[in-house]
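A quick write-up on the structure given underneath.
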Amino acid sequence: MISTPSPRRARRCGAVRTLHFAARLAALVGPALAAGGLGCAPESGTTRGRVLLLLTIDTLRADRLGGGGDPRARTPHLDRLARRGVQYARAISPVPLTLPAHATILSGRLPPDHGARDNGVYLVPENVPLLSETFRSAGWNTAAFVAAYPLAKRFGLSRGFEVYRDAPGFRREGSPAPFVERSAAEVNRELFAWLEERRSSSALFLWVHYFDPHAPFEPDRSYRKAARGDTYRGEVHATDTQIGRLLQRLAREFEEVRVACVADHGESLNEHGEETHGIFVYEATTRVPLILHGDGRLPGTLVGTPVSLSGIAATIAEWAELEPPQAFEAALVKPVPPGRRGIGPGRPAEGDRPLYVESIYPRLRHGWSSLRGFRTARWKVIRAPEPEVYDLEVDPGERTNLIGDPALPRRVGELFTELENPRWADRAPDVASIDPEVEAALASLGYAAVDRRPMSSDESLPDPKTRIRIDRLLSRATGELESGRPRFARAVLSEALTVDPRYKEAHILLGRVEAAEGALRPAFDRFEWCLSLAPASLDPLVHFEIGRLAMDHGLLARAEASLRRCVAGDPLNVEARFNWGVVAYRARRWRDAIERWHLTLDLDPSHPLARKWLPEAERRLAGKGGEAAP
């Protein structure tokens, strides 16, 4: 059966620095700026208005671009865009996760304010205004082409887009990716085909999202070779190539092209012990590239003032001479017409403006303490069981924790005090912001996840710094298990459990190991025991494992009950729905199988086995026979 796996230079500069070649460059590229701004004038007879492009690149570190100081980077198109536009040296993402960061980019709100604070469970509430809605209500065409499931329509960012092409569904058996994704080349092919058919001459707001730099890093051989075996740099190189093709195509299609290019978050790449992202809020995952092209300032402007991604939405709206909703944070750049709320760089107070960062992912997914903090031009403070303070001027790698140093300025204490403001408190998915089916299911199971109140204090929860080794070990164990080496997986899990003997995810994986070794009763017993462990947010996964194991051994009643509870607790788990349908089919309950496989296809219209077996169930129901049970 298909199954769901276990969950899993910055340059110092002043407020604004104009590069020494800026004036000469402006003279060279001025005509190009007037004709699309990207160095390629539109062909006669093919111009169709203007386009404002929001280009988001998933998991791209600021220091992995040539323009970000990486001498090994092969990012000519992004570097050229930066030379011809405005580059922000200290752009800060408020959260190192895809959906929450994109919700901030498109709403101008921080995660505690827009409510979507993790992938997969939280939705962006309908009462949170989005940039796309601003453009659509002003008569612009709007379209989005996104590359991975965390941004699927169901999570709430499709509002205001006339066209929203996503990548629904979850991962396939044997794939190392945790869910379905599309390469930048695939996104471009679909986008270019749509542009070929587009007949409107209206202005277009276009959001394009690329996912390639996200783990697992599997660039094509040519890009891997060009990056000298560095697979992450290879993925970045591949993405940059597609960015070049995208910008070239838009320059041919439109008379004017403006671009806001940003990453949602970075990647740890084993800094501070974290392999990827999501847990920590250090610079590796929160400082991101941000390039604005077309705001009218001299090409080659480098902004050193720290800015939050929450200012992007208002900036883009003001580029289009639209009034952003009052809910949006102020725009990042000048010039701004009189009466507008653009902050512009270089005001003395802005360099000390605290920028909020958070991750409640450790709490939701691991049962560890959440992390939240502020970053100013100099200081980073992080609220955790062991609080952290870093002087970024002398310690940009955040290696020396200065907490307790009597020489720390009063400002640091003020930042910690502000982090106690209830505004920043952890909250589970708000009832009004989640799918009604999710709400009802969670409530029926008694989960506190539907409580509108702040979560209880996490002071007693483990500090992620003391548990991060487990995260790395679980990645190794998962790889061993899925490569058919359960004995090696068991050894790695034993090491993880020496760090935390009651670590729930490790025990779930150990149950899978026991099942793979044929120890059916111990596997069932371990899974049932896991239901007594925190966090409860992993209980649907436990029910899935029980249901799958029971189904594979013909225990249909037990499989039915467990998969029902899994679907109730995690209605977005497409494989639970599919396997639930398999149980009904094997029990000759054709109507139930049909209903469940229709729901599977609602979540993932391309699900191959649901597409195959649904007609078989329909034939069975009609009394026309069909194939044996899957």
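The values are calculated or read from the model by the stated rules, or taken from the named source; none is laboratory data. Remember, predicted model here, so these are calculated numbers, not experimental data. No Cβ is skipped: glycine too gets one built from the backbone with ideal geometry, and neighbour counts run over all protein chains shown.
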- Please tell me if SER201 is under 27 Å from THR142 (Cα atoms), surrounded by fewer than 20 Cβ atoms within 10 Å (Cβ to Cβ) and within 17 Å of the chain's Cα centre (by Cα). no
Here the qualifying pairs (Cβ atoms under 8 Å; residues six or more apart or on different chains; first in the range 129-154 and closer than 12 Å to ARG165 by Cβ; second in a strand (DSSP E or B) and among the hydroxyl-bearing types (Ser, Thr, Tyr)) come out as ALA143/TYR164; ALA144/TYR164; VAL146/TYR164; ALA147/TYR210; LYS153/TYR164
Expected output for the range 302-324 (first residue under 23 Å from GLY373 (Cβ atoms), partner surrounded by fewer than 21 Cβ atoms within 10 Å (Cβ to Cβ) and polar (S, T, N, Q), Cβ below 8 Å, 6+ apart or cross-chain) is PRO306/THR376
Per the filter on the range 302-332, residues in contact with a Cys (Cβ under 7 Å, 6 or more places away or on another chain) and in a loop (DSSP other than H, G, I, E, B) are GLY304
- Task: Kindly check whether there is at least one residue in the range 126-143 that is closer than 23 Å to LEU355 by Cα and either surrounded by fewer than 24 Cβ atoms within 10 Å (Cβ to Cβ) or at pLDDT below 95 (or both).
- Result: yes
CYS40: passes all of (1) in a loop (DSSP other than H, G, I, E, B); (2) at pLDDT 95 or above but (2)
Flagged in the range 172-194 as modelled with pLDDT under 95 and farther than 20 Å from LEU151 by Cα, in numbering order, are GLU173, GLY174
inquiry  = Kindly evaluate GLU133 against the criterion of being acidic (Asp, Glu) and in a helix (DSSP H, G or I).
reply    = yes
Note on the range 144-156: residues surrounded by 24 or more Cβ atoms within 10 Å (Cβ to Cβ), in a loop (DSSP other than H, G, I, E, B) and out of contact with any strand residue (DSSP E or B) (no Cβ under 7 Å at 6 or more places or on another chain) are GLY156
So, first residue modelled with pLDDT of 95 or more and of a type in the set (Lys, Arg) in the range 102-113, second residue buried (at least 24 other Cβ atoms within 10 Å of the Cβ) and not in a helix (DSSP H, G or I), Cβ within less than 9 Å, six or more apart or across chains; the pairs are ARG109/PHE328
If you check GLU235 against the conditions, is it part of a helix (DSSP H, G or I) and crowded, with 24+ Cβ neighbours inside 10 Å?
-> yes
